[in-house]
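Heads up, the thing below is written out as structure tokens.
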Amino acid sequence: MKRQREDAGSRSVILRADLDELVQALRAKGFTVAGPVARDGAITIDTIENAAELPAGWAEEQEPGRYRLTPTDDGAVFAHTVGANSWKRFLNPPEARLYRIRTDGKSFVAPERDAPPARYALFGVRPCDLAGIAMLDRVLAEGASADPDYVARRSQAFIVAVQCGRAAASCFCSSMKSGPRANSGFDLALTEIPGDRHRFFVEAGSAAGGSILAAVKHRAAEPADEEAARHVWESTAAAIERSLDTAGLHELLTGGTENGAWQAAATPCLACGNCTMVCPTCFCCSFEDSSDLAGRAAERRRKWDSCFSLSFSYIHGGSVRSSLTARFRQRIMHKLVWWHDQFGSSGCVGCGRCTTWCPAGIDFTREVERIRARLVSGSVRDVGQAGNLCDDF
Amino acid sequence: MTAADPMAPIPAQVRKLDRENQDTFTLHVAAPGATLPPFQPGQFDMLYVYATGELPISVSGDPEAPFSLSYTVRSVGKATNKLVTSSIGDWIGVRGPFGVGWPLEKAKGSDVLLIAGGIGLAPLRPALYHMFRYRPEYGRIILAYGARSPGDMIYRHELARWKKEPRTQVLSTVDYGGLHWRGNVGVVTTLLTRLRLDPPHTIALICGPEIMMRFAAVELEKRGIARERIYVSMERNMKCAVGHCGHCQFGPYFVCRDGPVFPYTQIEPWINRHEI
Amino acid sequence: MVTQTLEAVLRNHPFLADLSSEHIQTLISCASNQRFEKGNLVAREGTEADFFYLLRTGTVALQIHRPESGGITLNTLGEGDVLGWSWLVPPHRWHFDARAIEPVRAIALDGRCLRNKCEQDHELGYQLLKHFATLIEERLEATRLQLLDVYGVPAR
């Protein structure tokens, strides 16, 4: 065993007992470590100070509108998949102050942004969530109008990915080409090999990832370790039950926006917006302005927003998408169709959260397939087409 | 736009206020000590009203006026009301310019037909200023302007002046003439039928209420102007103006970034659908 | 059986009252009986106007949609009314939305089919055009009076 920096691309092994050295090494480098924890009956993400806080021994059952933690018998640290929270809350926080603007009662001073509060090590990022982060990079970190706040948080972040060892019933990452294995986008990637030689197969994805190993007891990976890791990756991929057929979806849904199939699918929806809150790629936000009582300083805050809210599309005295059906359709069209036009890929990573956390139990992949089937068969009428033939005179 | 931070407003001072009609004013602002960002006709800025909020407002002034920006604002809510009731010397924030403007390069050598409805004349005015300044580069210029009533028209003195420009036609019409109006009465599309047009060599720029733009575009296509030569200025809820807040989406487009000016080829598939 | 009943409906419809038997037969060959549920669109603005409708029961609202307010009703049509003349006038696209605000039963006439028949039989074409010209004039007059806002404050 050794403690030394490794090159990007290297493959090592960390024993289960030594996992906390990785957490401490990150903290020693000044990172605030955020990782999965079991709390209030679910996996959530919070700052941790020790690997003991990770949810060892917990897996989940996930179904439309249903989430339960279930104990495992192998004590695996990362037996869970994804909980309600995604990592976007650390890169694009739910609420943040953009500016403080001071005035002397006449002019005001050009504002400057606050620096981000901490450098985060994101510990336990699943391949689907890695893909989600890459999508947020594309939206928020590219071009002349890149968000300086996001760019700062993102460039300072250290990512420890976890290659999935289990698939929940809600997972469909393989259909969206975002998992269950990640090949890049991480500083380190862990594959847990439970059992009597409980250890982690570690891939260094960057120079920063390799250099953190200088403070972590590890050894070089041997062929047997690679074999065991490969077995994990293959069995997880085989365990994914859910799929989404995206072939031809862009054209089909584009042509079918006026079809009654959308209203049928939207009927149980409450427009609560949970799906957009838990989704790792949803980025919509809004701004709030306020001032202190004396009027000497104003604040501009940015907050998460959701296309499900009625005022989201408000102009000139009304909302463009005032019906529930239109807002339901907007999310699906944006995520699966228009994201391609805007950002060159699908906006969905197949994490399954929107299905699990929908209080109405709306099954995302099943509803999309049902809409597809209705559009293809023409069984539900397009509004504005001929009516129903009838004989009643 | 400040290179480092597209969300940071530049402090600017109100220098002049022109009343256009009952509830519409043009603000002229300048930023002492800072250069305000130049703009292309058709682009918009986000105006920050201290502690109240931001508004997307098309820049309505001369694109080559060195130190001043103009915005024609109609009072419809809290923030717009604060803008139109500002005094000389008040401070607002400006950031921008944003978006895609009118295709004035593409229009060179063509006749340019501008169709404006109500306050929609404001985003078109900079295009007129530009074309009058570079007159030989453009063919005939025709402005068809429709408003609700004579009292609702904006830029009335300029309308009279523009009529006198070479090879330029200015026609106006109102929905309600009232007792003293001797001009045209009827929707603005009715002006189009009496125009002599050279469709293959005409570019049309349309700005106004969405219904008006829809029907005007149909009328122009009937007259033989190709969809690729018709441009409209779309409007949606805007918060960030840089394609990050998601509010201004219109089908696949971010109006703030892919528009607000669009060729009608991009708009036609979506503009007749409901709640897009 | 169905054809006979269609004939009876067409003969008795006020709009077609004075058409010849032969012309009615032509119309029958382009006709079908249709039903629209409450809330459904009979026609959508911008789409191809291949049909016009003789309304038998129910109410259709002619609407236009704005981004901020959805559909605004401009006019309503009911039993005995005729919906749609864009099948006759190029570019043959509906200018407005038409929504069934009560369940509607109507005879749908295939405008594309009829246009071809009118090209071949100019007498049929002339008769239909006369009927539609009257209809359009009535609508235009009504629209102008509606625009006048006679109940509003007089001087503007």
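The values are calculated or read from the model by the stated rules, or taken from the named source; none is laboratory data. Just so we're clear, the structure is a prediction, and the values are computed from it rather than from any experiment. Please note: Cβ atoms are built from the backbone with ideal geometry, for glycine as well, and neighbour counts cover all protein chains shown.
Some observations on this one:
- Residue match in the range B:14-32 (condition: surrounded by fewer than 17 Cβ atoms within 10 Å (Cβ to Cβ), free of Cβ contacts under 8 Å to residues at least 12 places away in the same chain and assigned to a loop (DSSP other than H, G, I, E, B)): no
- Test for B:ILE154: is it under 22 Å from B:ALA204 (Cα atoms), buried (at least 19 other Cβ atoms within 10 Å of the Cβ), β-branched (Val, Ile, Thr) and touching an Asp or Glu at 6+ places or on another chain (Cβ under 7 Å): yes
- A:GLU258, sole failed condition from (1) in contact with a strand residue (DSSP E or B) (Cβ under 7 Å, 6 or more places away or on another chain); (2) more than 20 Å from A:SER322 (Cα to Cα): (2)
- Options C:GLU102, C:GLU119; residue that is in contact with a helix residue (DSSP H, G or I) (Cβ under 9 Å, 6 or more places away or on another chain) and not polar (S, T, N, Q): C:GLU119
- Qualifying residue in the range B:206-219 (condition: out of contact with any His (no Cβ under 8 Å at 6 or more places or on another chain), more than 14 Å from chain C (Cβ to nearest Cβ) and at pLDDT 95 or above): yes
- Cβ-Cβ under 6 Å pairs, at least 6 apart or on other chains, the range B:215-230 side on the phi > 0 side of the Ramachandran plot and surrounded by fewer than 23 Cβ atoms within 10 Å (Cβ to Cβ), far side aromatic (Phe, Trp, Tyr) and at pLDDT 95 or above: none
- Filter result (within 12 Å of B:SER68 (Cβ to Cβ) and of a type in the set (Gly, Ala, Ser)) within the range B:21-44: B:ALA30, B:ALA31
- Taken over the range B:253-276, the criterion of being more than 15 Å from A:SER313 (Cα to Cα) and at the interface with chain A (Cβ under 9 Å from one of its Cβ atoms) is satisfied by B:ARG257, B:ASP258, B:PRO269, B:TRP270, B:ARG273.
- Answer residue from the range A:125-154, given it is under 13 Å from A:PHE90 (Cβ atoms) and among the small types (Gly, Ala, Ser) and is surrounded by the most Cβ atoms within 10 Å (Cβ to Cβ) among those: A:GLY132
- Meets criteria (among the basic types (Lys, Arg), within 12 Å of another protein chain (Cβ to nearest Cβ) and under 17 Å from B:GLY120 (Cβ atoms)) for B:ARG236: yes
- The one condition in (1) assigned by TED's automatic domain parsing to the domain that holds A:ARG199; (2) more than 23 Å from A:PHE186 (Cβ to Cβ); (3) buried (at least 21 other Cβ atoms within 10 Å of the Cβ) that A:ILE101 fails to fulfil: (1)
- Per-region count, the range B:133-188, residues within 14 Å of another protein chain (Cβ to nearest Cβ) and among the charged types (D, E, K, R): 3
- Taken together, the residues in the range C:75-110 that are more than 14 Å from chain A (Cβ to nearest Cβ) and within 20 Å of C:THR134 (Cα to Cα) amount to 13.
- Only one of B:PRO56, B:PRO6, B:PRO11 that is facing chain A (nearest Cβ under 8 Å), in contact (Cβ under 8 Å) with a residue 60 or more places away in the chain, in a strand (DSSP E or B) and not aliphatic (A, V, I, L, M): B:PRO11
- Any chance A:LEU122 is assigned to a strand (DSSP E or B) and within 13 Å of chain B (Cβ to nearest Cβ): no
- For the criterion of being outside the structural domain of A:PRO359 (by TED's automatic domain parsing), under 21 Å from A:ASN274 (Cα atoms), not charged (D, E, K, R) and not in a helix (DSSP H, G or I), A:GLN4 fails.
- Listed here are the strands (runs of 3 or more DSSP E) enclosed by the range A:147-210 that have at least 3 residues being at pLDDT 95 or above and of a type outside the set (A, V, I, L, M): A:199-204.
- The condition (being modelled with pLDDT of 95 or more, within 14 Å of another protein chain (Cβ to nearest Cβ) and over 14 Å from the mean Cα position of the chain (by Cα)) is satisfied by just one residue among A:LEU98, A:LEU136, A:LEU140: A:LEU140.
- Leading residue by the ranking (farthest from B:VAL218 (Cα to Cα)) among those in the range C:80-120 that are outside any loop (DSSP other than H, G, I, E, B) and without any contact (Cβ under 8 Å) to a residue 12 or more places away in the chain: C:GLN120
- For the range B:33-53, a residue qualifies if it is buried (at least 21 other Cβ atoms within 10 Å of the Cβ) and farther than 30 Å from B:GLU105 by Cβ, and the qualifying residues are B:TYR48, B:VAL49.
- Residue tally, condition under 25 Å from B:GLU268 (Cβ atoms), surrounded by 18 or more Cβ atoms within 10 Å (Cβ to Cβ) and either free of Cβ contacts under 8 Å to residues at least 40 places away in the same chain or within 11 Å of chain A (Cβ to nearest Cβ) (or both), over the range C:50-64: 4
- Of residues in the range B:167-195 being over 26 Å from B:THR26 (Cβ atoms) and assigned to a loop (DSSP other than H, G, I, E, B), the one modelled with the highest pLDDT: B:ARG167
- Residue in the range A:70-81 that is more than 19 Å from A:VAL278 (Cα to Cα), touching a residue at least 40 places away in the same chain (Cβ under 8 Å), loosely packed, with under 15 Cβ neighbours inside 10 Å and within 14 Å of chain B (Cβ to nearest Cβ) present: no
- Just so you know, in the range B:34-53 the residues that are part of a loop (DSSP other than H, G, I, E, B) and closer than 26 Å to A:SER291 by Cα include one that is modelled with the lowest pLDDT, and it is B:ALA34.
- Residues that are free of Cβ contacts under 8 Å to residues at least 60 places away in the same chain and either surrounded by 12 or more Cβ atoms within 10 Å (Cβ to Cβ) or under 15 Å from C:CYS30 (Cα atoms) (or both), drawn from the range C:121-135: C:GLY125, C:LEU128, C:LEU129, C:PHE132, C:ALA133
- Note on the range A:227-262: residues that are part of a helix (DSSP H, G or I) and loosely packed, with under 14 Cβ neighbours inside 10 Å amount to 8.
- When C:GLU37, C:GLU45, C:GLU22 are checked against the criterion of being surrounded by fewer than 18 Cβ atoms within 10 Å (Cβ to Cβ) and either closer than 29 Å to B:PRO209 by Cα or more than 10 Å from chain A (Cβ to nearest Cβ) (or both), C:GLU22 stands alone in meeting it.
- Sole residue being away from every other protein chain (no Cβ under 12 Å) and out of contact with any Cys (no Cβ under 9 Å at 6 or more places or on another chain), chosen from C:ALA17, C:ALA8: C:ALA17
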